[in-house]
There are 2 protein chains.
Amino acid sequence: MVKRFIFNSSLFIILQLFFLFATGQTIQVAPGVQKITSGTIDQFTPYSFCGALPLTGALTQLPAAKLPFSIGEIKISVNGRGTVVQIPLDDTEQLYGFGMQIGSFNQRGLKKRPIVNDNPLNDLGYTHGPTTFYVSNKGYGVLINTARYTTFYCGNTAKLDQSAGETKATNGGNSVEELYKNDGKISGSVTVDIPGAKGIEVFVFEGPDIKTAMQRYNLFSGGGALPAIWGLGVKYRVKADFNQYQVDKMAAYFRDNHIPCDVLGLEPRWQTASYSCSYVWNKSFFPSPELFVDSMKNKGFHINLWEHAFVSPKSPLYQPLRNKAGNYLVWNGLVPDFADTAAANIFADYHRQTFVKKGISGFKMDECDNSNLAMGNATWSFPELSQFPSGIDGEQMHQLFGLLYQKTIYGIYKKLNQRTYLDVRASNAFASSYPAALYSDTYLHEEYIRMILNSGFAGMIWSPEVRESNTIKDFMRRSQTAVLSAQTLYNSWYLQNPPWLQINIEKNNKGELMGDAKQVEADIRKLLNFRMSLIPYLYNAFADYHFKGIPPFRALVMDYPQDKNTFNLSDEYMIGESILAAPLTEKMDERKVYLPEGNWYDYNTRQKYEGGKYYTIRPDLNQLPIFIKEGTILPLAKPVEYVSPDTKFEITCFVYGQAAKAALFEDDGITFNYENGAYNYLSLAWNKNKGIVKRTGNFKNSRYVIKNWEVIK
Amino acid sequence: MVKRFIFNSSLFIILQLFFLFATGQTIQVAPGVQKITSGTIDQFTPYSFCGALPLTGALTQLPAAKLPFSIGEIKISVNGRGTVVQIPLDDTEQLYGFGMQIGSFNQRGLKKRPIVNDNPLNDLGYTHGPTTFYVSNKGYGVLINTARYTTFYCGNTAKLDQSAGETKATNGGNSVEELYKNDGKISGSVTVDIPGAKGIEVFVFEGPDIKTAMQRYNLFSGGGALPAIWGLGVKYRVKADFNQYQVDKMAAYFRDNHIPCDVLGLEPRWQTASYSCSYVWNKSFFPSPELFVDSMKNKGFHINLWEHAFVSPKSPLYQPLRNKAGNYLVWNGLVPDFADTAAANIFADYHRQTFVKKGISGFKMDECDNSNLAMGNATWSFPELSQFPSGIDGEQMHQLFGLLYQKTIYGIYKKLNQRTYLDVRASNAFASSYPAALYSDTYLHEEYIRMILNSGFAGMIWSPEVRESNTIKDFMRRSQTAVLSAQTLYNSWYLQNPPWLQINIEKNNKGELMGDAKQVEADIRKLLNFRMSLIPYLYNAFADYHFKGIPPFRALVMDYPQDKNTFNLSDEYMIGESILAAPLTEKMDERKVYLPEGNWYDYNTRQKYEGGKYYTIRPDLNQLPIFIKEGTILPLAKPVEYVSPDTKFEITCFVYGQAAKAALFEDDGITFNYENGAYNYLSLAWNKNKGIVKRTGNFKNSRYVIKNWEVIK
């Protein structure tokens, strides 16, 4: 039995040798972006579904760069098992990326499998938002364009031909620890394993620095997302079984108590069936959905609907999608073949007619993150062996499902020239242009903070949501982080009352509020008001994300790539140009903060600090742990309770240092007219004790009124 | 870019349709064993390396059976992604197997990936001893012959074509829990996903019952292992940094204190280099290894050497294996290409000359379980993308590495007609004939117990080793389990003194013994003496494993497949024909025991219990929690401190019930001469108040002397 396959095997080895280390063809696909191709490329890849064109103009304006290695040194080998890519790596390089990694930050020396999943599982690389993309602090990025389950060895393998029998002088050791010390050496390459691939495309993004490499990636992906301006306010998701009357009452609570809120999210009960989904209003609980949505709109609330993409037999979408779905069911529901435009259009058309045109301003796209992968049971998604009419297989579909789902839903809004801010449970590469925030059930605050940093290497938006808490301190610390993130979200899907009135789930649902509920509410009001004050600044940071590709939230190493103290700094981050955030967790009364070169001001104490050093801060629970960079202006608005199309922001410019400047991006905030030039930039400057405002651009209705200047020295 | 691959894709779909559900060719390969083949079979599979011939004679004697489905209902489909196998499953079937599963017992409804690894990771199926093999309580077994990473969906997927839009009447629900209840349905099949495979062999083992199906599997694999008889005594592994003098002192401790011990295991320091390995005695610490081994032998100790298979540049094996190794290193050491007989022979020849011929009676084959798989870093093994001169790839090599390593080492002993009992950190299918006990670092007592049961579905031997403990109670409970297992092992690789003198690591290594050390030592002596008493009985159970394929340790469902109470009973097991063990853990002062049909005697209280019911037992820490089946005889020997080639066991027959019987297998215990008929069976019977012993067979030197009979009524 064995013998008859020896011929096959020999052929196999010959083929291996033939393909081994054949370097692919290289072409330039955009300014500073090169693509190397080798072998036969998969039909279904993240890039094949990229929904936007590169912003070539902006790419052209980035400085020219030189890679630290010759592009020909990237080796691609294809054999019967799959494809292997080897990319040079020098001994001092630090690596970041692989999407929204949960457990690690600096990926040098690690093995990473960026695979769609909500369970970090020993930090193997599983995440809601995987990308097969990393950047180096030497100033370049590499993307392996595949939707297959891929493993990256980030400089932690050693090849036989490298070592030639070198050995260290260890001789037995004298302690048990020494005896088990290993004699390993690491390699000078990133090695990428793509089983099943018969070839590969590798995109290389030049720098010259890590931030510019990220900008190139984001601009190549269509530019960063610019959410609807109201999306930068506060989102609150109500209890899963709330009916129309209860949602109404919750809305009244916010307005009566002057707690800012822009979006209310509905959870499963709005539908007649949810596991799987019917996408049909449940009239027993929402008897008049259109009236409800309208009345909410009148009170300044946008309505966001929870759903997932597994289509119940009870859904009007079932029959139309019956022949455009995978051959395995999830919760008895169809898995739409989103890789087929026709299937995506059926799904989108229904949503447009039934929901978007009737005022629904966004969706929470749940359960697209293959919980099956990390679970011993298997009822939460479709198997990898699934087949789809388009030809995509289950493995590739898993990697792309969240991406295609959000593309489908976002496309509705884009075509209607209506902006949105979505929630999505999974994403992938080339998705920078989608205004969809990722979220998670994992709920470790330290990880949620780290994911803010990692989102900047992923071209993704991350929402470190707040739910219940063990202590008020924990709740407030989490709220601080939520305010200092891309989306401030309270997810109360299992809470009758807002968590700030009762942090304990059981008591909350019995209506037993905390004794000091009103004090905690006041503290939360203060934090959320700060969030509303920050909207113009954040909105400008998102405009920089869109037009220049600069991540609005990013690790310090991206701005200070030469500073070794930033290489492993995974709990501080930049927001826009001027703000450095250093969040605290429940465990901390104080924390150490590293401030990079330059001078910095503690926002709360207004004390000035010299950069390049470590300090200790002790912010109160109702303060924000942030520093402002000298030479910048922080434009803070008078807080509003929600952002309406005609909101005018009254702004005070806080000037840090003797001379300072800032910019504010201005447009209608709700359409894509900015793509056709309908926007302004306000240039703010403080010089010689004088504030100067210059407005340039084609947007006619101003939204910002500069009221005051305040200098902090 | 996308367009040019559309032709490929269409072709791909056509190929998919072509192969879809083509059923393979079926042939009978042994009595009651059928093989279905479809597509192109991999060169490297567990079966391709099966080291033994089927025991056809024994297979022939098993009763004929009929599968509960037609063999043609097993569907195999091959497409561009890999191979999928679907096996029928009825609604009431219970499934067991997938090797030495750590976290689960009854696998029905689970997703299982039986992949070599020491980390159970959410009970995904990773284990030191994976097999792509399961058995059903309907009386058959199925083995997918592949060394690729394979996923089994055990009746938890639903296909689109099965449901045709059926739906349950749920309407929104009234609680949050109900809202999230899913509308799933499960399928009537086991679905197997083998990515990368271009075809597959499926072995089907007929029953008629689950035990007979297991017997067929074991007999087809060459019959179960029969370890050297001294292997059934007590093994003690000394501290990793002990030198020759310290080992000698430890040996004296055992004999001076009359604590049974047959094997002493040496850990890393015996070598000049261990991570990676030199396989050279470190003369600084073992100045005269040959004298040492001989003197130990004279005191009745066998010496077992720790090693792993990654070959240091300091090793004499390095140059000979330099061109017969994988292209990636581990700890700077070579990975021998054990799939190539020439490489295996070089490794074996060196071990034979250097160690086995000089009296080393066994090895502990460590680190062959790919710790990389479940770790975010990657320095503990070779990458899956590794290539080997034989043509096997890294993924397949991982699945087979422990199997091939033990085959290589075991082959030395087999050829020398010298029996052994090995330790190995990984194994796979068709390995029943290897006398190698698996072990683990995981150390959860509940899991260690469950793995005893699962070993019976794996054709493997499991050693629930004892190390340190939190409490004396924990230590004693673990010792009870170790005594009631296939190998009684104390692994003190980081302990200066035996753990029964001090359970706390730090104090142990400082030489601070417990106040009641002598009492605990006395309790341990009592337990280990019981182990020595049990050797003839255990040895007979292993003979049944070898000659009949009956697992010596097995779940109750194997003996009582009709009894629903056994389906999920994962903490009780049978030892041989007569003993039911119900181990306790640290948490328990008492436990519930289910006794199946028939009558049973509590070994300690001698109380008789009626089967089919649950009882509560409260064994002391120095007792064994076992029951004896009515109608059987438990032959217990007068304990010896070690088993030598001329040990005569003086046996008392404990008779349970009015009429009872048992058998004892007798041979030299140390050679393979039994394969040529050099063995006896002692038939023991108690009838009409009289004990009868009949000895039949060709072994000339008797080892058993029946001294007494004692009747328990």
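The values are calculated or read from the model by the stated rules, or taken from the named source; none is laboratory data. Note that this is a predicted model, so its numbers are computed, not measured. In this analysis, Cβ positions are derived from the backbone assuming ideal geometry, glycine residues included, and neighbour counts consider all displayed protein chains.
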Could you check the stretch B:504-521 and list, in sequence order, the residues that are within 25 Å of residue B:306 (Cβ to Cβ) and buried (at least 22 other Cβ atoms within 10 Å of the Cβ)? B:508
Considering the stretch A:320-348 alone, what residues qualify as being more than 14 Å from every other protein chain (Cβ to nearest Cβ), touching a Ser or Thr at 6+ places or on another chain (Cβ under 7 Å) and among the aliphatic types (A, V, I, L, M)? A:344, A:348
Residue A:329 passes all but one of (1) crowded, with 23+ Cβ neighbours inside 10 Å; (2) in a loop (DSSP other than H, G, I, E, B); which number fails? (2)
Do we find a residue being of a type in the set (S, T, N, Q), out of contact with any Asp or Glu (no Cβ under 7 Å at 6 or more places or on another chain) and at pLDDT 95 or above anywhere in the stretch A:7-27? no
Would you point out which residue out of A:109, A:129, A:82 is over 21 Å from residue A:449 (Cα atoms), of a type in the set (Gly, Ala, Ser) and touching a Leu at 6+ places or on another chain (Cβ under 8 Å)? A:82
Only one of A:379, A:341 that is modelled with pLDDT under 95 and assigned by TED's automatic domain parsing to the domain that holds residue A:405: A:379
Residue A:496 vs (1) outside any helix (DSSP H, G or I); (2) within 29 Å of residue A:100 (Cβ to Cβ): all pass except (2)
Are any of the residues in the stretch A:442-453 at pLDDT below 95, assigned to a loop (DSSP other than H, G, I, E, B), under 26 Å from residue A:241 (Cβ atoms) and polar (S, T, N, Q)? yes
Scanning the stretch B:91-120 residue by residue, those of a type in the set (A, V, I, L, M, F, W, C) and within 10 Å of chain A (Cβ to nearest Cβ) turn out to be B:110
So, of the residues in the stretch A:71-88 that are more than 18 Å from residue A:34 (Cβ to Cβ) and among the aliphatic types (A, V, I, L, M), which turns out to be farthest from the other protein chains (Cβ to nearest Cβ)? A:78
Check every one of the strands (runs of 3 or more DSSP E) wholly within the stretch A:185-239 and list those with 1 or more residues that are not assigned by TED's automatic domain parsing to the domain that holds residue A:81. A:234-237
Report yes if residue B:452 is among the aliphatic types (A, V, I, L, M), under 30 Å from residue B:205 (Cα atoms) and within 13 Å of chain A (Cβ to nearest Cβ), otherwise no. no
Restricting to the stretch A:391-400, give me the number of residues that are within 10 Å of chain B (Cβ to nearest Cβ) and either surrounded by fewer than 20 Cβ atoms within 10 Å (Cβ to Cβ) or of a type in the set (A, V, I, L, M) (or both). 1
Out of the stretch B:349-376, which residues are assigned to a helix (DSSP H, G or I) and either facing chain A (nearest Cβ under 10 Å) or surrounded by fewer than 20 Cβ atoms within 10 Å (Cβ to Cβ) (or both)? B:349, B:350, B:352, B:353, B:354, B:357, B:358, B:371, B:372, B:373, B:374
Looking across the stretch B:166-211 at residues that are in contact with a strand residue (DSSP E or B) (Cβ under 8 Å, 6 or more places away or on another chain) and hydroxyl-bearing (Ser, Thr, Tyr), the single one that is modelled with the highest pLDDT is B:191
Would you kindly identify the strands (runs of 3 or more DSSP E) lying entirely within the stretch B:595-656 that contain at least 1 residues that are within 23 Å of residue B:709 (Cα to Cα)? B:599-602, B:608-610, B:626-629, B:633-637, B:649-656
Cβ pairs under 6 Å, 6+ apart, first in the stretch B:247-269 and within 14 Å of chain A (Cβ to nearest Cβ), second crowded, with 19+ Cβ neighbours inside 10 Å and assigned to a helix (DSSP H, G or I): B:268/A:179; B:269/A:179
Within the stretch A:51-67, identify whether any single residue is within 28 Å of the chain's Cα centre (by Cα), more than 12 Å from chain B (Cβ to nearest Cβ), closer than 19 Å to residue B:378 by Cα and among the small types (Gly, Ala, Ser), and answer yes or no. no
Looking at residue B:123 and the list (1) within 9 Å of chain A (Cβ to nearest Cβ); (2) acidic (Asp, Glu); (3) touching a residue at least 60 places away in the same chain (Cβ under 8 Å), which single condition is not satisfied? (3)
For residue A:220, state whether it is in contact (Cβ under 8 Å) with a residue 60 or more places away in the chain and in contact with a Cys (Cβ under 9 Å, 6 or more places away or on another chain). yes
Which ones in the stretch B:42-92 are touching a Ser or Thr at 6+ places or on another chain (Cβ under 6 Å), among the hydrophobic types (A, V, I, L, M, F, W, C) and more than 30 Å from residue B:395 (Cβ to Cβ)? B:62
I need the full set of residues from the stretch A:529-569 which are of a type in the set (Ser, Thr, Tyr) and in a loop (DSSP other than H, G, I, E, B), in order please. A:560
Take the conditions at pLDDT 95 or above and on the phi > 0 side of the Ramachandran plot and apply them to residue A:475. Does it pass? no
